[in-house]
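See structure below.
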Amino acid sequence: MTLSRRGLFAGGAGVGGAVLLGVPGVASAAPELWAQPGSLGAPPVSGLHLQFGADASKQAVVSWHTTTAVARPRVLLGSPDGGFGQVVQAGTTTYRDAKSGTEVRVHHARLDNLRPGTDYVYAAVHDGAAPELGTLRTAPRGRAAFRFTSFGDQGTPTLGKLSNGTYVNDNLGSPFGGDVTAAVEGAAPLFHLVNGDLCYANLSTDRIRTWSDWFSTNSRSARHRPWMPAAGNHENELGNGPIGYGAYQTYFSVPDSGSDAETRGLWYSFTAGSVRVISLNNDDVALQDGGNSYVHGYSGGAQQRWLEAELKSARSNPDIDWIVVCMHQVVISTVDKFNGADLGIRESWVPLFDRYGVDLVVCGHEHHYERSHPIRGQQPNDTRTPIPADTKTDVIDTTRGTVHMVIGGGGTSVPSNALFFSPAKCRVITAVGPTDPNTGKKAPVYVLEDAPWSAFRDRDHAYGFAAFDVDPGHPGGDTTIDVTYYAVTGPYGATTAVDRFRLTRPRRS
Ligand SMILES: [Fe+2]
Ligand SMILES: [Fe+2]
């Protein structure tokens, strides 16, 4: 089943046939549907989605997009029992896609002073459009139980490019990019972390269409719970904004980190319960040339300075137990012939993760699932090999080291779960050379290392997501996060649990 669906899809065959009729998301792929005007001539409310503010117990943003100007974009906010009582005006941000010349307008309504741990209903609307409905649950304030989820590297399950008389996907997508969304929504997390490489618009013929497809695919979940992103190398689009993230920075309204307009939204943090989530953009420090343009070092150290201050602040905050980092490129990976780990991240981030005791890192970039033992410190070798602090795989004390999870099976057509080294080894990019005329990229220099930090690898499944169940515990005791990696094994969010473990640490108070 898995191979036949992927095979049919990747080849672009079978369009309109029985197989694709059963594939979630494909029905919405017809190009005329997403731009269909509203009943009064205004464009519809498209791509409805949520973000949390810095304080997830009281702040959220409702967002949607159009490609023409609209009047009075706004959100009607209320409670499930009381209806829509409050009107919040939305602001509009724009970018003009350098490839198509199309201007995209994204409307963001900022909700503040919400009540913690509370269910809301809302409707997003602008003049002439039919209201689109969503729901929002705010985070609890203080220590309370909740669930969050994570994956990266999704693509879209849609067919966006006409080639030889048939529609094909040209942004590394597969039907599983829709199935994982159904699975996440079935898990009903408080929020979902997207670990970069969202829709691969920088590969597609029509970038605007690809972003629209991604939001259309995921709105069925992201309009009910914030999908909080980290930018990956495939969010780097030639000509869009000064660094290439103009589309990403416009579609999302993430918490303000005090950065300048050029880097706005590329790194940020938010707090949910006793968890501080920190989202990073690794293209700043990774050595690999993976985007439309090589932007290594673009922040001039600003992101690193912010990260250190943020980590220091979080670790000294008695209300924060857990520090979770969401980012894209990886510190650990045990597959061959894929991207590999990146020395730039090991040198820039890992010493800070060690110094301030980051508990968990979720990332993507490699298109499979694996995790590390808790790591602390690095060998003094050419690859700065992480040192495992412990080798227990079921219950992990994160005060001893940081657990890294590669969760890159979000739905692409190029999974890497069949490429594991056996026994585990790691290819580390330690430098880049001149631009290779065949690829247009700076050629990576790889060094192979042993991987004593490798704890679990899923060879058997290409796609999936991880669920994290936070238990605050009791004063004077431990707090825990129960982690389950679910492989997504079929349509409509069918899952199989393939890895379970517990993270534990003492409560701060
Ligand atoms: Fe990817
Ligand atoms: Fe990537």
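All of the numbers you see were taken from the coordinates with simple rules; none came from a lab. As the structure is a computational prediction, the values presented were derived from the model and not from experiment. Every residue, glycine among them, receives a Cβ derived from its backbone with ideal geometry; neighbour counts consider all protein chains shown.
Are there trypsin sites (Lys or Arg not before Pro) in the range 110-218 that DSSP marks as loop and that have at most 11 other Cβ atoms within 10 Å, and which are they? Hits after loop and neighbour filter: nothing returned.
Entry note, the chain: relative contact order of 15 percent, from Cα contacts under 8 Å with a spacing of 6+ residues. When the pairs 99/442; 337/392; 99/161; 337/442; 161/442 are compared against a 26 Å limit on Cα-Cα distance, 337/392; 161/442 fall above it. A prolate overall shape is assigned to the range 250-307, the ratio a/c of its alpha-carbon gyration tensor axes (a ≥ b ≥ c) being 1.5 or greater and a/b exceeding b/c. When the P(r) is computed for the range 95-135, the part past 12 Å accounts for 75% of the Cα-Cα pairs.
Using the Karplus relation 6.51 cos²θ - 1.76 cosθ + 1.60 with θ = phi - 60°, the per-residue 3J(HN,Hα) values for the range 67-79 come to 10, 10, 5, 10, 9, 6, x, 7, 10, 9, 10, x, 10 Hz, with x marking Gly and Pro. Mind running the shape call on the range 55-183? Use the C-alpha gyration tensor, a ≥ b ≥ c as the square roots of the eigenvalues: rounded below 1.5 for a/c, prolate if a/b tops b/c, oblate otherwise. It comes out oblate by the Cα gyration axes.
Around the amide H of residue 79, modelled in the peptide plane, lie the amide H atoms of 85, 121, all under 5 Å away and 5 or more residues distant in sequence or on another chain. Can you list the lysines whose alpha carbon sits under 27 Å from that of residue 58, skipping same-chain ones fewer than 8 residues off? Here the lysines satisfying the reach criterion relative to residue 58 are 312. In the range 315-356, what trypsin sites (Lys or Arg not before Pro) fall in a loop by DSSP, with at most 12 other Cβ atoms inside 10 Å? Answer in residue order: 337. Given +1 at the Cβ of Lys and Arg, -1 at the Cβ of Asp and Glu and no other charges, the dipole of the chain around its Cα centre is 520 debye to the nearest 20.
Each residue of the range 490-495 was assigned a 3J(HN,Hα) from its phi angle through the Karplus expression (A = 6.51, B = -1.76, C = 1.60, θ = phi - 60°), giving x, x, 6, x, 5, 10 Hz with x at Gly and Pro. Of all DSSP-defined beta bridges confined to the range 274-416, some 35% are antiparallel rather than parallel. Note on the chain: Cα Rg divided by 2.2 N^0.38 Å, N the number of residues, gives 0.92. Karplus-based coupling profile of the range 253-268, in residue order and whole Hz: 10, 9, x, 5, 10, x, 7, 6, 4, 5, 10, 3, x, 7, 9, 6, with θ = phi - 60° in 6.51 cos²θ - 1.76 cosθ + 1.60 and x standing for Gly or Pro. What shape does the range 293-394 take by its C-alpha gyration tensor, where a ≥ b ≥ c are the square roots of the eigenvalues and a/c under 1.5 counts as rounded, a/b above b/c as prolate, and the rest as oblate? Oblate, since a/c reaches 1.5 and b/c is not below a/b.
Relative contact order, whole percent, for the range 399-509 stands at 21, derived from Cα pairs under 8 Å and 6 or more residues apart.
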